[in-house]
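The values are calculated or read from the model by the stated rules, or taken from the named source; none is laboratory data. If you're wondering where the values come from, they're calculated on a predicted model, not measured in any experiment. FYI the Cβ positions are ideal-geometry reconstructions off the backbone, even for glycines, and counts take in every protein chain you see.
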Ligand SMILES: [Zn+2]
């Protein structure tokens, strides 16, 4: 069901392809490939910021930048308040040089939270201050079975147990200094993308570049259809989500609803839909907004979009940062599926398209509550009593693992979400 205060826009229907989907799959994948090709660990995001502004310019969407480069783009609606916003983050995980080692290798610390287990074997680029880029590999301290034999298998997993081996002639600290390297140099991790014909996309940094590409595909669909939005929608691209800052600093004063786009994890015990969109009900910071969450679920049902709902224990997103910064806004989290998040990640095009279809429906839906245009107001138009519960089992994925997702009610709607 739909929460009582929610009304359908009714009047107009956006353009859709022959399968009824507003999202251009080729554009989405091509955009994702370009985003992945630009290294953007937190703290080194200027290049990708400029790239996304060019893309927005091509789509004819006005934007402005914060001092450090978070982007706020504007899709104008028929009404200007209460505004809504959708946010995705441009920054990714990475690493930083902690020390130049006497053996001519580099000690690293992670940028963002990720295990060195997934760093072992990664091809990387070191970004020196003079703009030179040096290539290398992150290897365990005991990297050769021929030398260390079974010690390779018993070596602990931690960032102290790996080092960066440069593809340069360097065997001592002085060699590293000669190469112009410094403590604090940023290390970007190769995305190693593969786009399979069957729709699987495998790469590092799909978190959140798959979300950014999906949001741009939604923006393209909105621009090309010409169907007016009921209210202004801001597209926010943040630059430091992986280090916890998120959408704390790029909101308009009058944004009332914020939908964060990020990954939903495919893992045992999770209810995420591998080929649909997943609405997060709670993350480690607490529940998402009751009304906005149910509004997104209702849109999925109304538009036949494959979906599920899930709860994440070890998880924070742009939305959490926005609330922590003191913004009194309704927040929700809509997820594309991601296997092995913050590691060797994999998603599926159907999941990205389901997410895009939901966002497209969302920006064309009426604002949740007109009273949200005001920061303070009377009781009279406050939403009460709470809406009645959703239909039972509507978003239950039945079992926890991705392998059985095809048997779930969510994925039984999958074809409708294409
Ligand atoms: Zn992340």
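For (1) within 22 Å of residue 238 (Cα to Cα); (2) in contact with a helix residue (DSSP H, G or I) (Cβ under 8 Å, 6 or more places away or on another chain), each residue gets a yes or a no:
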{"site": "309", "(1), (2)": "no, yes"}
{"site": "314", "(1), (2)": "yes, no"}
{"site": "317", "(1), (2)": "yes, yes"}
{"site": "324", "(1), (2)": "yes, no"}
{"site": "327", "(1), (2)": "yes, no"}
{"site": "331", "(1), (2)": "yes, yes"}
{"site": "338", "(1), (2)": "yes, yes"}
{"site": "356", "(1), (2)": "yes, yes"}
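Among the residues of the range 181-200, how many are within 26 Å of residue 278 (Cα to Cα), touching a residue at least 12 places away in the same chain (Cβ under 8 Å) and away from the ligand (no atom under 16 Å from the Cβ)?
Summing the residues that are within 26 Å of residue 278 (Cα to Cα), touching a residue at least 12 places away in the same chain (Cβ under 8 Å) and away from the ligand (no atom under 16 Å from the Cβ) in the range 181-200 gives 5.
Would you be able to say whether some residue in the range 306-329 is in contact (Cβ under 8 Å) with a residue 40 or more places away in the chain, closer than 19 Å to residue 21 by Cα, touching a strand residue (DSSP E or B) at 6+ places or on another chain (Cβ under 9 Å) and surrounded by fewer than 24 Cβ atoms within 10 Å (Cβ to Cβ)?
no
Scan 365, 411, 357 and give me the residue that is modelled with pLDDT of 95 or more, buried (at least 20 other Cβ atoms within 10 Å of the Cβ), away from the ligand (no atom under 16 Å from the Cβ) and part of a helix (DSSP H, G or I). Working first, answer last.
Values: 365 fails: part of a helix (DSSP H, G or I); 411 fails: modelled with pLDDT of 95 or more.
Step by step, each of 365, 411, 357 is checked, and only 357 is modelled with pLDDT of 95 or more, buried (at least 20 other Cβ atoms within 10 Å of the Cβ), away from the ligand (no atom under 16 Å from the Cβ) and part of a helix (DSSP H, G or I).
Name every residue in the range 335-345 that is farther than 14 Å from residue 89 by Cβ and buried (at least 20 other Cβ atoms within 10 Å of the Cβ), in order of residue number.
Scanning the range 335-345 gives 337, 339, 345.
Given the criterion modelled with pLDDT of 90 or more, assigned to a strand (DSSP E or B), within 30 Å of residue 111 (Cα to Cα) and within 24 Å of the chain's Cα centre (by Cα), identify the matching residue among 352, 338.
Answer to the selection: 338.
Okay, residues lined up against (1) at pLDDT below 95; (2) surrounded by fewer than 16 Cβ atoms within 10 Å (Cβ to Cβ); (3) under 19 Å from residue 105 (Cβ atoms); (4) in the same structural domain as residue 45 (by TED's automatic domain parsing):
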| residue | (1), (2), (3), (4) |
| --- | --- |
| 127 | no, no, yes, no |
| 136 | no, no, yes, no |
| 154 | yes, yes, no, no |
| 157 | no, yes, yes, no |
| 161 | no, yes, yes, no |
| 165 | no, no, yes, no |
| 171 | no, yes, yes, no |
| 181 | no, no, yes, no |
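Residues that are closer than 28 Å to residue 245 by Cβ and within 16 Å of the ligand (Cβ to nearest atom): which strands (runs of 3 or more DSSP E) entirely in the range 33-150 hold 1 or more of them?
Here the list reads 77-89, 94-100, 106-111.
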